[in-house]
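Quick notes on the structure that follows.
The values are calculated or read from the model by the stated rules, or taken from the named source; none is laboratory data. Computed from a prediction, not measured in an experiment: that's the story for all the values here. Cβ coordinates were reconstructed from backbone atoms using ideal geometry, including for glycine residues, and neighbour counts include every protein chain displayed. Please note that ligands, DNA and RNA were not included when accessible areas were found on the heavy atoms of the full protein model with its side chains. Shrake-Rupley method; radii C 1.70, N 1.55, O 1.52, S 1.80 Å.
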Amino acid sequence: DPVQFQVMVRGNTTPLETLDQKTAYMRLHPGALYLNQQWAYFVEELDLNARIAWVVPRNPKHLDYYTECREHSQVVLSGGGKARAAALSQELLRELGTPVVRCGGVKVHWRMYGFRKKSKQDHRILDQIDLTLPAVEYPTQAVWMDLPGGVLQPVAEAGLSVDRGGLHALEHAMIALAPLVCDLESAELTCQHTRRDSDPNRYLLLLYEGQKGGAGTASKVYAQWEGLLSRAVRLIEECPCESGCPNCIVVPRCGEYNHGLDKLAAVKIGRALGFGLGPPPPVPNASASPHNASAIEHLEPAVSAVPSAEDGEAVVQVPLAHTEPASTQVQPIERKLWDAGVFKRRLHGAGMATSSAGERTCLELD
């Protein structure tokens, strides 16, 4: 990234570190508590013209809160690229039509619009502050699947969250498994974490490269899409947790902080596509859910859109603490991941209190 920001302590002339534009907005916005090598700093000013963040030291033991950025990414399809029919069973193709897997250029509109101050003790919101920072726009490469209404409509009718719940959870599992299937680093991929009602492509199962311009990672996922999706569905099914954990759908690099994930919806979507181990699972208390079928009226992806402010924010806390499953419960695919260190790395990040799209800024040092 050619746009770099230096972190400067008031009174010093040597920068603490240099960060790219997006990371600087997330971690060095005015009012943020910034952590560097176990030292805490309060960000007094972010000079956009000089590209310098001015910080002052703070004793972390005297701080009873941490800061959490509020952000939103909107993905706009650029057109072009390559496409192919999804490799599904002939019976499903006759029943659903032909889902299409695509790979091509997209433009990402990313905006950091504020932050929260949250208690270190119980993670409750102490204050919520709005900020006005310039949007960050960049082109990159993505891979996605057009899902027919026959797959998504039953999930909505069952009272489950389709986009912010099921598709989001599936994307998390696919990102976690990508290193085993596609020979890449999971940090190279991201997804539509912060889906909003105004987002035109929120009903796509979509992964995109976090690097500006892309580096060829999307093409690798495109070639292995069905295998990756199949493993992701199996991983979620075989995990013994009830509603999601770091072994299946909870990840440390989530721009929505893992709020709103729906494990049951993810399994139903996967099984409707012919992946997984069994028939669709039963839906408990479907009538009590706020989600309904009217949420899906038009499932065709839009080609272009204008980014807008957020429509709403979930503030439900998701418990992240988790330990290695007992050996009698570990399924083969989970054991491979655990042995490969994937779960251990994710647990290390998930055990921290908050995240700025993957990098924790909690000051729990005392």
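Observations on the model:
- The strands (runs of 3 or more DSSP E) found wholly in segment 101-217 and carrying at least 1 residues that are in contact with a Phe, Trp or Tyr (Cβ under 9 Å, 6 or more places away or on another chain), over 24 Å from Leu264 (Cα atoms) and of a type in the set (Gly, Ala, Ser) occupy 136-146.
- Note on segment 160-205: among residues that are closer than 13 Å to Cys254 by Cβ and of a type in the set (Ser, Thr, Tyr), the one that is farthest from the chain's Cα centre (by Cα) is Ser186.
- Checklist (1) out of contact with any Lys or Arg (no Cβ under 6 Å at 6 or more places or on another chain); (2) open to solvent by 10 Å² or more (accessible area, probe 1.4 Å) applied to Tyr208, failing item: (2)
- Residues within segment 211-227 that are of a type outside the set (Val, Ile, Thr) and either surrounded by 22 or more Cβ atoms within 10 Å (Cβ to Cβ) or under 24 Å from Ala156 (Cα atoms) (or both), tallied: 4
- Segment 65-92 residues that are closer than 16 Å to His29 by Cβ and in a strand (DSSP E or B), paired with ones that are modelled with pLDDT under 90 and among the polar types (S, T, N, Q) (beta carbon under 7 Å, 6 or more apart): Tyr66/Thr354; Tyr66/Thr361; Thr67/Thr361; Glu68/Thr354; Cys69/Ser356; Glu71/Thr194; His72/Thr194
- Test result for Ile125, at pLDDT 90 or above, closer than 30 Å to Pro60 by Cα and either aromatic (Phe, Trp, Tyr) or open to solvent by less than 60 Å² (accessible area, probe 1.4 Å) (or both): no
- Subset of segment 184-202 (residues that are touching a His at 6+ places or on another chain (Cβ under 8 Å) and not charged (D, E, K, R)): Cys191, Gln192, His193, Thr194
- Condition check for Ala24: surrounded by 19 or more Cβ atoms within 10 Å (Cβ to Cβ), free of Cβ contacts under 8 Å to residues at least 60 places away in the same chain and not in a strand (DSSP E or B): yes
Residue-by-condition table, conditions (1) touching a Cys at 6+ places or on another chain (Cβ under 7 Å); (2) under 16 Å from Ala86 (Cα atoms):
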| residue | (1), (2) |
| --- | --- |
| Gln224 | yes, yes |
| Gly227 | no, yes |
| Cys239 | yes, no |
| Cys254 | no, no |
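- Out of Pro30, Pro2, Pro57, Pro15, sole residue that is modelled with pLDDT under 90 and more than 30 Å from Tyr203 (Cβ to Cβ): Pro2
Let's see how each residue does on (1) on the phi > 0 side of the Ramachandran plot; (2) open to solvent by less than 40 Å² (accessible area, probe 1.4 Å):
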position: Thr13; (1), (2): no, no
position: Gln38; (1), (2): yes, no
position: Tyr41; (1), (2): no, yes
position: Arg51; (1), (2): yes, no
position: Pro60; (1), (2): no, yes
position: Leu63; (1), (2): no, yes
position: Thr98; (1), (2): no, no
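- In the set Ser73, Ser78, only one residue is hydroxyl-bearing (Ser, Thr, Tyr) and open to solvent by 30 Å² or more (accessible area, probe 1.4 Å); that residue is Ser78.
- For segment 100-116, the candidate set comprises residues that are closer than 27 Å to Gln21 by Cα and open to solvent by 60 Å² or more (accessible area, probe 1.4 Å); within that set, the residue that is farthest from the chain's Cα centre (by Cα) is Lys107.
- Criterion: touching a helix residue (DSSP H, G or I) at 6+ places or on another chain (Cβ under 8 Å) and open to solvent by less than 60 Å² (accessible area, probe 1.4 Å) - qualifying residue of Leu88, Leu93: Leu88
- For segment 268-286, a residue qualifies if it is part of a helix (DSSP H, G or I) and modelled with pLDDT under 50, and exactly one does: Ala286.
- Test: Leu46 is part of a loop (DSSP other than H, G, I, E, B) and either of a type in the set (Val, Ile, Thr) or at negative phi (or both): no
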